[in-house]
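Visitor: Please read through the structure below; I'll follow up with questions.
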Amino acid sequence: MAPHDFWQEIHPPGTFPDDQEFTVFYVAALEDGRQLRLPIRVLADGTHALASLIINQASFAVLDALAECLAEKIRPMRVEIIAGLPTLGLTLAAAVAQKLGHDRYVPLGTSRKFWYRDELSVALSSITTPTQDKRLYVDPRLLPLLTGRRVALIDDVISSGASIVSGLNLLTACGIEPVVIGAAMLQSERWRENLPDAGPQWIARTVGVFATPILERNGAGRWQVSSRPGT
């Protein structure tokens, strides 16, 4: 596959064999069996890898399908407003809010506008941008949309859980406790280790459209599900 061909189509169940060995791409399965091909990103050790999802590069059809699946998962929580995490989480959050019939959503941000307040910000770290020193802000003008309402915190992918913890810390500092955390992809199991830093209840409140494991190179040069959960 060419690099720009990933994330462009969701395939019917059974389109690709589920043999747990992969070469160029990983086959992620939605709950209804539909399949999405994801590129395999090799980690620094050269023997382990992750499946990758860049949702703002996905086709509108794929974004629509993932947003619909996530909206249905969180709909029973009677969510009144969506808060989206930057950067890629904003694409998904807006789409999920529309699927739920909302008029708008609240985008959190990393760009400090002059009217923002430092006390309405927290440090932000991410597994994909580990060397960047960033802060996560909420626009003070948008706080009334969150206060006293049933909030869902949405990101595109939950991997280490660091971004979600930052989002939870920011909302908590504003006196807001989300009723659910949602993502298109739950990547490996590391987030289960880090999310309790913000409170043990968050693991039970976290939902994803699909999950992907750590991959490990086998003797045939293919990728298979790693025997090291939580790597």
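The values are calculated or read from the model by the stated rules, or taken from the named source; none is laboratory data. Everything numeric in this text was worked out from a predicted model, so none of it was measured. Positions of Cβ are generated from backbone atoms using ideal geometry, with glycine treated the same way; all protein chains shown enter the neighbour counts. Please note that ligands, DNA and RNA were not included when accessible areas were found on the heavy atoms of the full protein model with its side chains. Shrake-Rupley method; radii C 1.70, N 1.55, O 1.52, S 1.80 Å.
Visitor: Ignoring everything except DSSP H segments at least 4 long, calculate the 222 nm mean residue ellipticity for the chain; use -39,500 (n - 2.57) per segment, divide by total residues, nearest 500.
Guide: That calculation yields -6500 deg cm²/dmol at 222 nm.
Visitor: Label residue 111 and residue 68 with points 7 Å out from Cα along Cα→Cβ: what is the distance between them in nm?
Guide: Going by the 7 Å Cα→Cβ label model, 3.2 nm.
Visitor: Any chance you could give the angle, 0 to 90 degrees and rounded to 10, that helix 88-99 forms with the longest Cα principal axis of the chain?
Guide: 80 degrees
Visitor: Next up: Running a GNM on the chain with Cα contacts under 10 Å, which residue among 171, 70, 120 ends up with the highest mean-square fluctuation?
Guide: Of the options given, 120 has the highest mean-square fluctuation.
Visitor: Could I ask something else about it? Straight-line reach from residue 99: which aspartates and glutamates fall under 12 Å, measuring Cα to Cα and dropping same-chain residues less than 8 apart?
Guide: Straight-line reach from residue 99, under 12 Å: 64, 68, 72.
Visitor: Then there's this: Leaving out ligands, DNA and RNA, what percent of the accessible area of the stretch 182-229 is carbon and sulfur, probe 1.4 Å? Let's see the in-between values first.
Guide: On the way: 1010 of 2240 Å².
Roughly 45 percent of what the probe reaches on the stretch 182-229 is carbon or sulfur.
Visitor: Moving on to the next point. Using label points projected 7 Å from each Cα along Cα→Cβ, tell me how many nm separate residue 193 and residue 103, to one decimal.
Guide: In this crude label model, residue 193 to residue 103 measures out at 4.5 nm.
Visitor: At a 1.4 Å probe, what is the % contribution of carbon and sulfur to the accessible area of the stretch 18-167?
Guide: Numbers: 3620 of 7070 Å².
Exposed carbon and sulfur together represent 51 percent of the surface.
Visitor: In Å², what does the accessible area per residue of the chain work out to with a 1.4 Å probe?
Guide: Per-residue value: 47 Å².
Visitor: Rounded if a/c is under 1.5, else prolate if a/b is larger than b/c, else oblate: which is the stretch 40-82, with a ≥ b ≥ c the root eigenvalues of its Cα gyration tensor?
Guide: Values: a/c = 3.72, a/b = 2.12, b/c = 1.75.
It comes out prolate by the Cα gyration axes.
Visitor: With springs only between Cα atoms under 10 Å apart, run a GNM on the chain and tell me which of 159, 111, 188 wobbles the most.
Guide: Maximum among the listed residues: 111.
Visitor: Would you list, by chain and number, the lysines whose Cα falls below 21 Å from the Cα of residue 113, excluding same-chain residues fewer than 8 positions away?
Guide: The reachable lysines, counting only those whose Cα sits under 21 Å from residue 113, are 134.
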